[in-house]
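A short write-up of the structure that comes next.
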Amino acid sequence: MADVAARVGVSKMTVSRALNCSEGSTRTKSEALRQRILKTCKDMGYVIDQTARTFASKRSGFVAVLIPALNNSNFSDTVHGLTEAVESSGLQVLLGYTDYDIYTEERLLRAMLTRRPEGVILTGGSHTPVARKLLKVAGVPVIETWDLVTDPIEHTVGFSNAQATAELVRQLHGKGYRRIAFLGGVPESDERGADRRRGFGQAMTGLGLDPGRILSVGHAPVSMTDGAQGVAQLMARWPDVQALVCVSDPPAFGALMECQRRGWVVPERIAIAGFGGFEVAAACYPQLTTVAIDCVGIGRSAGQLLLRALEATRNGHRLSAETVLVPFRVEMRGST
């Protein structure tokens, strides 16, 4: 800042005011001088020391966001919706990638909290005890997304993965399917996948059907390859199976492709359904039945809730804990 001031021929205070003033402010000597200072900063490659600004304003200007996977379009859409909601307020998103591991989440949270985020947005409600303690004492709004958390830290934006899967099973039953199987990952590797497995079992039991056709094919995220291998194992173990519910659309697509390779006609030989409303589910043939989720809407709702929580904090009070329900819908398509 001293270098910029020397080049323009003004004081450091004038440079500081120019950098902190809004367009057209009269706090600098003139708007022309302000623009000259800003151009000099740009020419010299000068950027504001955000750490110093954070101490002075008690605002870091960013929100910490943790997602399980970077290559999952559902989570990237959620981040897109969140960014869309908060960008007009000047907040930036600092993204962390947990790889479905709660201990990685704890490590990332500890690192992010040292930088004083204005809020924290998480995926799911499963955290280590240490992570929960860090979040409860952080003093910033905390929002858990993509699930209905039974013991939320504060705010929740999501839906019941168990109820969504149960509704899918009931609609398959309505189409005449009785011997239905579930293909997912190891339950401990993905809380939302475990909830979908639980919803499958509850719906099957409630319909008086056998809930025991369940196959685990690996750790989350369950892939297309896992789905291809899984459907082959499934058919070898339960050759009379009529329909397969997959934990998400990628393994459902892999299962569909394996069926086509083996000459098993879908849905005549076996019906296949996924979860998540991924683009691939609508682009393949036959199109995959799926549970469609408003991923962008989850992010947008979380962002809007965060802004309201921050506004309440600036007005001297804490926003009461809220739960925002995001709708889901079962889309029955050609694969069933």
*When you go through (1) free of Cβ contacts under 8 Å to residues at least 12 places away in the same chain; (2) assigned to a helix (DSSP H, G or I) one by one for residue 225, which number turns out not to apply?*
(1)
*Does residue 156 count as outside the structural domain of residue 271 (by TED's automatic domain parsing) and either under 19 Å from residue 249 (Cβ atoms) or among the hydroxyl-bearing types (Ser, Thr, Tyr) (or both)?*
yes
*Kindly indicate which of 232, 252 is modelled with pLDDT of 95 or more, among the hydrophobic types (A, V, I, L, M, F, W, C), surrounded by 17 or more Cβ atoms within 10 Å (Cβ to Cβ) and in a helix (DSSP H, G or I).*
252
*Hits in segment 76-96 - residues which are part of a helix (DSSP H, G or I), under 15 Å from residue 120 (Cβ atoms) and not β-branched (Val, Ile, Thr)*: 82
*Near pairs, Cβ below 9 angstrom, 6+ apart or cross-chain, from segment 111-127 (not assigned by TED's automatic domain parsing to the domain that holds residue 100 and part of a strand (DSSP E or B)) to any residue that is surrounded by 23 or more Cβ atoms within 10 Å (Cβ to Cβ) and of a type in the set (Val, Ile, Thr)*: none
_Failed condition for residue 267, given (1) within 20 Å of the chain's Cα centre (by Cα); (2) in contact (Cβ under 8 Å) with a residue 60 or more places away in the chain_ = (1)
_Subset of segment 82-117 [more than 18 Å from residue 141 (Cα to Cα) and either aromatic (Phe, Trp, Tyr) or crowded, with 20+ Cβ neighbours inside 10 Å (or both)]_ = 97, 98, 100, 103
*Kindly list, by first and then second residue, each pair from a residue in segment 311-324 that is part of a loop (DSSP other than H, G, I, E, B) to a residue that is small (Gly, Ala, Ser), limited to pairs with Cβ atoms under 7 Å and residues at least 6 apart or on different chains.*
318/312; 319/309; 319/312
_Counted residues, segment 183-222 - those being touching a residue at least 40 places away in the same chain (Cβ under 8 Å) and either in contact with a Cys (Cβ under 8 Å, 6 or more places away or on another chain) or assigned by TED's automatic domain parsing to the domain that holds residue 124 (or both)_ = 2
*Does residue 241 count as assigned to a loop (DSSP other than H, G, I, E, B), surrounded by fewer than 24 Cβ atoms within 10 Å (Cβ to Cβ) and without any contact (Cβ under 8 Å) to a residue 24 or more places away in the chain?*
no
*Which one of these does residue 260 not meet: (1) more than 30 Å from residue 303 (Cβ to Cβ); (2) touching a residue at least 12 places away in the same chain (Cβ under 8 Å)?*
(2)
*helices (runs of 4 or more DSSP H) enclosed by segment 1-69 - at least 2 residues per element that are at pLDDT below 65 and surrounded by 11 or more Cβ atoms within 10 Å (Cβ to Cβ)*: 50-57
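The values are calculated or read from the model by the stated rules, or taken from the named source; none is laboratory data. Note that the structure is a prediction, hence the values are computed from the model and not measured. Don't worry about glycine lacking a Cβ; one is built from the backbone with ideal geometry, like all the others, and counts go over all protein chains shown.
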